[in-house]
Amino acid sequence: MSKNCVNVGLIGFGTIGAGVVKLFSRSAELINRKSGVKVALKKICDIDIKKSRGIKVPKSMLTTKAADVLNDPEIDIVIELIGGYKPAYDFVMAAIKNKKHVVTANKALISKYWAELKSACMKNSVEIMAEASVGGGIPILRGIDKGLAANRIKKITGILNGTCNYILTRMSLEKMDFGAALKEAQKKGFAEADPTLDIEGYDAMHKIIVLSNLSFGANVREKDVYVRGIKDTNAVDILYADELGYVMKLLSVAELDDKGINVRVHPAFVEKSRLLASVNYEYNAVYVKGDAVGETMFYGKGAGEMPTASAVLSDVIYLARNISGEKKPRFKSAAGKGAAVRIKKLDDVRSKFYLRFSVADNAGVLASIAGILGKNNISIESVIQKARHAHEKVPVVIMTYEAREADMKRALKKIDSLEVVKQKTVFYRVV
Ligand code: HSE
């Protein structure tokens, strides 16, 4: 059945809910275009509808009664963002029974009731989507489910809790103490309402259960998972890890071999040379090994208002597209009506540059090079000049601040034409 407007109801107007409302309003045209149908946010429910969330919402849209969303026959998709088991479970089940599709970020609910929710959805011919439940803004569920569909997944290793990663990163890089780092994570909106879920490892456990059940078609339960959090972390062990060439990370691991899958969450020493070791602050990363693809890694912001809202709305767009019966290829409409994407010329691209000049070691040479750079709007960040040895030419290395390609091209042409410049200047863009 195709429709010309898809209506959405939101239950839970907290940090992520506010992000969803902001993104709905900021990207309305893009959401409609990608969905192939107008997508309207019709109602928002929360127990507190007075508090300011940094976005204006018409009063008529707000309600304190979930039933106003769940029983509204015009609402096609319910977004559940209250978290926890109760009353989220009842709301989601009621939505499904009322033939509404559901989008949720609720990892506790999804990890515990996945089979039950899926079967209720099948019975009622609706779908439940939960991209935001794992890895915040990282499209990891779709990545595994669609992108790696042809693989048998062998192993998943994830940094899946932004709060713990934020705490461990600040303890390690800034020698901050545990309590202060946790407070910062709470202020930034990464931590759960009850932060013990984060620091005791249960949030990461919910997420690795979701990933395991999706990737291995398993039915992993909480009792099957070994969990050790980071609440007892001593700064001394973080320092020893550093000295020994490691960093401490809270890892969530699910591994399949011929004996079955093992699922576990615990802090671990990770060698500094591993990609996972450089995943810092609220960033999450999920390493997935498939039998055909080999090793892959997904990386991005794993917590916070807008990254999580990004995942929620990607699910809404997916569902709206199905509801609308939109069949047009997405790539064609990517630019939008009347908004053809222009190709930007390399000349207009900006980056920092490394420049190595081979020059005669005479008075005033550096000044003339610097003068040409300056005239072309190129500002110098640092200069290295090595002492002269037996040769009459010396290398001079200059690092610049960001400069336009066209300016750099013009400046180098001029510099290379100077008599004191003995070889074509070597340059690299710095990223
Ligand atoms: N409390 C979670 C975290 C939020 O810190 O990762 C995202 O699920």
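The values are calculated or read from the model by the stated rules, or taken from the named source; none is laboratory data. On a predicted model such as this, the values are computed, not experimentally measured, just so you know. No Cβ is skipped: glycine too gets one built from the backbone with ideal geometry, and neighbour counts run over all protein chains shown. Each accessible area value is taken on the protein alone, full model and side chains, heavy atoms only, with ligands, DNA and RNA left out. Shrake-Rupley method; radii C 1.70, N 1.55, O 1.52, S 1.80 Å.
Quick notes
- Under the convention that each Lys and Arg Cβ holds +1 and each Asp and Glu Cβ holds -1, the size of the dipole of the chain around its Cα centre is about 1800 debye.
- Distances between placed amide hydrogens fall under 5 Å for Leu148 paired with no residue 5 or more residues away or on another chain.
- For Met129, the residues whose modelled amide H falls within less than 5 Å of its own, excluding neighbours fewer than 5 places apart on the same chain, are Val102, Val103, Thr104.
- Rounded to whole Hz, the Karplus (6.51, -1.76, 1.60) HN-Hα couplings of the stretch 113-126, x for glycine and proline: 10, 3, 4, 5, 5, 4, 5, 4, 5, 4, 4, 9, 6, 10
- Measuring between their Cα centroids, the stretch 216-260 and the stretch 361-417 lie 50 Å from each other.
- Charge dipole (the stretch 1-90, unit charges on Cβ, about Cα centre) - positive-most of Leu41, Pro73, Val57: Val57
- For the stretch 282-299, 3J(HN,Hα) computed residue by residue from phi via the Karplus equation (6.51, -1.76, 1.60; θ = phi - 60°) reads 7, 5, 10, 8, 10, 9, 10, 10, x, 5, 9, 6, x, 8, 9, 9, 10, 9 Hz, glycine and proline entered as x.
- Treating r as the C-beta distance of Lys424 and Arg142 and R0 as 56 Å, the FRET efficiency rounds to 0.70.
- Carbon + sulfur, % of accessible area of the chain - ligands and nucleic acids excluded, 1.4 Å: 53 percent
- Solvent-accessible area per residue in the chain equals 52 Å², computed with a 1.4 angstrom probe and all protein chains kept.
- Under-5 Å amide H pairs with Val6, H placed in peptide plane, nonlocal only: Lys38, Val39, Ala40
- Among beta bridges from DSSP that stay inside the chain, the antiparallel ones total about 70%.
- Phi angles across the stretch 75-90 convert, under the Karplus curve 6.51 cos²θ - 1.76 cosθ + 1.60 with θ = phi - 60°, into 3J(HN,Hα) values of 7, 9, 10, 10, 9, 9, 10, 8, x, x, 8, 10, x, 4, 4, 5 Hz, Gly and Pro given as x.
- Dipole of the chain, positive end: most advanced residue of Val430, Gly14, Met176 [Cβ charges, Cα centre]: Val430
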